Number of protein chains: 2
Amino acid sequence: MNPIYTYEYLRDFTQQFFIKMGCSVEDAAISTDVFMEAELRGFSSHGVIRIKDYYNLWKSGRVNLHPNIKIVHETMSTAVVDGDGGIGMVVGARSMQIAMEKAEKVGTGWVATKNSNHYGIAGYYPSMALKKDMIGFSVTNANPLLAPTFSISRMLGTNPIAVGFPTKRHLPFLADFATTPVAHGKLTVAAKKGLEVSHGFVQDKDGNPSHNPDIIKEGGTMLPLGGDYEHGSHKGYILSSMVDILSGVLSGANFGPFVPPFVGYLPPTNERVGEGTGHFFGAMRIDAFRPAEEFKAKMDEWIDTIKNSKPAPDQTEILIPGELEYRKEQQLRKEGIPVIPAVIADIKAVSDELGLDFDAKV
Amino acid sequence: MNPIYTYEYLRDFTQQFFIKMGCSVEDAAISTDVFMEAELRGFSSHGVIRIKDYYNLWKSGRVNLHPNIKIVHETMSTAVVDGDGGIGMVVGARSMQIAMEKAEKVGTGWVATKNSNHYGIAGYYPSMALKKDMIGFSVTNANPLLAPTFSISRMLGTNPIAVGFPTKRHLPFLADFATTPVAHGKLTVAAKKGLEVSHGFVQDKDGNPSHNPDIIKEGGTMLPLGGDYEHGSHKGYILSSMVDILSGVLSGANFGPFVPPFVGYLPPTNERVGEGTGHFFGAMRIDAFRPAEEFKAKMDEWIDTIKNSKPAPDQTEILIPGELEYRKEQQLRKEGIPVIPAVIADIKAVSDELGLDFDAKV
């Protein structure tokens, strides 16, 4: 059993960490909120485990804690935002805010953001829109791990797509998924447990199918959603490419193999084709299409319809995207959040260096 | 070898067919253009094979050849279009035009369309935007064949996603794909040839994995992109759902299992939750983000980068989405378009009934 922390304890510590590193209270609050949403929804790969990564990135001078985030180009429904090398969550939340402000005025808003860093869970940004009766959309590029179909080169990230639709009575539809069969974090977990992974997740450096979750360290690559060509991996490759183009090419950020690594211990990429990491955000006001109450009632009907699907014999219910994560959130708010010892040790080390007090529970 | 027709012959006949059925010359031209683009790109499942389907739909009084296509709700960047039960290609092209007109004015345009019919290949609509230095996007819902992850009920269509990005020197990036591992048409082809299909394409009525491409006729269902949960089928289920919500729920069309069948020989669905079939269209002016020439030059660089990926040992090159289809188009314009005898017989029968002259080549 991993040690358990209350939501409030981890939240308050994370906020103190960002403030002590030098962030404004406001920026610390937003970064903390994104990390904690990740923890609560069960995406611990994007939660407090990232404290060390952001600390190292800051120590190596590769993140700007006082960025001048600004619109460098815009129309009524669009903007390009320069994140000025800031923390991804701060840049991301500001960009999504701009998309929503434009949607308020002309129905929809679309923001391409450059010169940013890792922005946490993609699903955080659409959830900002849901609260305003808007459809929310966000994607980001990420450092390359993935080979295009029929290739053995690392060209694209696991580039996630997140989308949210508001509802009335039901929990909102909120999806957030990597454009690979599994997230990179699941490979790490399998490797730590000494397990093999299924066909279609990874290949070795020569393009042979592999079941070794650690093959990436030996020159292997992840495969796009679909796994192999026969099972539609070209569709996963399209999705990852689409995310990369919207995030990188449209904004003027780096794209494909040039997306900078997020971790401070890896050297920055030598060749640059743009500025920093890129994201893309969208907000569509529901009542720009039909009355919000009407749409939300129909969404409930859509959810009732899908949930009334007949489950396969070994299954008990059909889930709506986001449902599992909301249940997890209910559970973790009540029971607390487990943190693995290796992450605790990392946080403790950062805490000691910054002169903070972290209860390592060991 | 299937009989070969020249592009010009098939185009002229198809146009005559739509005119003789009662369409205006303008509407016949656009419908023909969509069918012929499908043929040229190698999507024969969406080409002249649909002549019979539209003829039967018209004979059964389920398509309006003189629709009053109109905007029923709009903002600066959005519209809901009522297709008035018209031919999907006519309604689709008009809707995409409206999206592009809005993009001209405020940077982007987004149109949700209801009360339409089968609109041919989804990829036709983004290609309209490419010519105007815009990013184009289109999705449509379709009659249900697909079971959500862990379910055995037909709830969603193979709901395609199409997206196009303009380029400078290279062919444009143009993707058009079903949110299933394979398109439904490929199952039909496998069944005709007596072949088995791969794991992850279909399941039987009880949810057991199946290799029988005809299992759909025995109560089976198609599976979402990913195939099974372990390989990320919940991501295919999300994509198909996202398309259904944008096309059906946002526009006020039918959604999920209520999407009407396209073919005249199947009875219309009894229960309705909206009007007709739904689509969704998007257009984003490139220069609403950055100068178009700059973006297009970067897209060329993106394409050069990806194409320089190292191919797997048994492969010779890495393809960009749309590249294969453009090559097919070059080939078929030169060598002619093969049509299978069963489709020729169907077209001949329609031709005779309408008093047209079709060279059946038998």
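The values are calculated or read from the model by the stated rules, or taken from the named source; none is laboratory data. As the structure is a computational prediction, the values presented were derived from the model and not from experiment. Because the Cβ atoms are built from the backbone with ideal geometry, glycine has one as well, and the counts that use them run over all protein chains shown.
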Considering residues of region B:146-171 that are touching a Gly at 6+ places or on another chain (Cβ under 6 Å) and more than 18 Å from A:Lys307 (Cβ to Cβ) only, the residue surrounded by the fewest Cβ atoms within 10 Å (Cβ to Cβ): B:Ala162
Would a scan of region A:102-109 turn up a residue that is within 17 Å of the chain's Cα centre (by Cα), modelled with pLDDT of 95 or more and either outside any loop (DSSP other than H, G, I, E, B) or not hydroxyl-bearing (Ser, Thr, Tyr) (or both)? no
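Scan region A:215-229 and give yes if some residue there is among the aromatic types (Phe, Trp, Tyr) and either within 23 Å of the chain's Cα centre (by Cα) or within 8 Å of chain B (Cβ to nearest Cβ) (or both), otherwise no. Reasoning before the result, please.
Taking region A:215-229 and keeping what is among the aromatic types (Phe, Trp, Tyr), we get A:229.
In the following step, the residues that additionally are either within 23 Å of the chain's Cα centre (by Cα) or within 8 Å of chain B (Cβ to nearest Cβ) (or both) were identified as none.
Checked region A:215-229: no residue is among the aromatic types (Phe, Trp, Tyr) and either within 23 Å of the chain's Cα centre (by Cα) or within 8 Å of chain B (Cβ to nearest Cβ) (or both).
Identify all residues within region B:70-96 that are over 12 Å from B:Asp27 (Cα atoms), of a type in the set (Val, Ile, Thr) and part of a loop (DSSP other than H, G, I, E, B); write none if there are none.
The one that is over 12 Å from B:Asp27 (Cα atoms), of a type in the set (Val, Ile, Thr) and part of a loop (DSSP other than H, G, I, E, B): B:Thr75.
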Within region B:255-268, does at least one residue satisfy the condition of being part of a loop (DSSP other than H, G, I, E, B), at pLDDT 95 or above and facing chain A (nearest Cβ under 10 Å)? yes
Looking at B:Met76 and the list (1) surrounded by fewer than 20 Cβ atoms within 10 Å (Cβ to Cβ); (2) away from chain A (no Cβ under 14 Å), which single condition is not satisfied? (2)
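Can you pull out every residue in region A:162-187 that is part of a strand (DSSP E or B) and closer than 17 Å to A:Gly42 by Cα? Explain how you work it out, then say what you get.
Of region A:162-187, the ones part of a strand (DSSP E or B) are A:162-165, A:173-177.
Hits for region A:162-187 are A:Ala162, A:Phe173, A:Leu174, A:Ala175, A:Asp176, A:Phe177.
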For A:Ile216, the lone unmet condition from (1) of a type in the set (A, V, I, L, M); (2) outside any loop (DSSP other than H, G, I, E, B); (3) buried (at least 24 other Cβ atoms within 10 Å of the Cβ); (4) in contact (Cβ under 8 Å) with a residue 24 or more places away in the chain is (3)
Considering only residues of region B:192-211 that are surrounded by fewer than 22 Cβ atoms within 10 Å (Cβ to Cβ) and small (Gly, Ala, Ser), which is nearest to the other protein chains (Cβ to nearest Cβ)? B:Gly207
Lone qualifier among A:Gly282, A:Gly252 - being surrounded by 22 or more Cβ atoms within 10 Å (Cβ to Cβ), part of a loop (DSSP other than H, G, I, E, B) and within 10 Å of chain B (Cβ to nearest Cβ): A:Gly252
Taking region B:297-329 and keeping residues over 19 Å from B:Ala175 (Cβ atoms) and away from every other protein chain (no Cβ under 12 Å) leaves none
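Matching residues to (1) more than 30 Å from A:Pro209 (Cβ to Cβ); (2) part of a helix (DSSP H, G or I); (3) assigned by TED's automatic domain parsing to the domain that holds B:Met242; (4) without any contact (Cβ under 8 Å) to a residue 12 or more places away in the chain:
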| residue | (1), (2), (3), (4) |
| --- | --- |
| B:Asn270 | yes, no, yes, yes |
| B:Glu275 | yes, no, yes, no |
| B:Ser309 | no, no, yes, yes |
| B:Gln315 | no, no, yes, yes |
| B:Ala360 | yes, no, no, no |
Among (1) outside the structural domain of B:Asp287 (by TED's automatic domain parsing); (2) touching a helix residue (DSSP H, G or I) at 6+ places or on another chain (Cβ under 7 Å); (3) of a type outside the set (Asp, Glu); (4) surrounded by fewer than 23 Cβ atoms within 10 Å (Cβ to Cβ) - the single one B:Lys59 does not satisfy: (2)
Number of the condition not met by B:Leu156 [criteria: (1) within 11 Å of chain A (Cβ to nearest Cβ); (2) aliphatic (A, V, I, L, M); (3) free of Cβ contacts under 8 Å to residues at least 24 places away in the same chain; (4) over 30 Å from A:Ala190 (Cβ atoms)]: (3)
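If I filter region B:181-191 for residues that are of a type outside the set (A, V, I, L, M), at the interface with chain A (Cβ under 10 Å from one of its Cβ atoms) and buried (at least 21 other Cβ atoms within 10 Å of the Cβ), do I get at least one hit? Break it down into steps so the answer makes sense when it comes.
Taking region B:181-191 first, the residues of a type outside the set (A, V, I, L, M) are B:181, B:184-186, B:188.
Restricting the remaining residues to those that are at the interface with chain A (Cβ under 10 Å from one of its Cβ atoms) gives B:181.
Now narrow it down to the ones that are buried (at least 21 other Cβ atoms within 10 Å of the Cβ): B:181.
Yes: region B:181-191 contains one or more residues that are of a type outside the set (A, V, I, L, M), at the interface with chain A (Cβ under 10 Å from one of its Cβ atoms) and buried (at least 21 other Cβ atoms within 10 Å of the Cβ).
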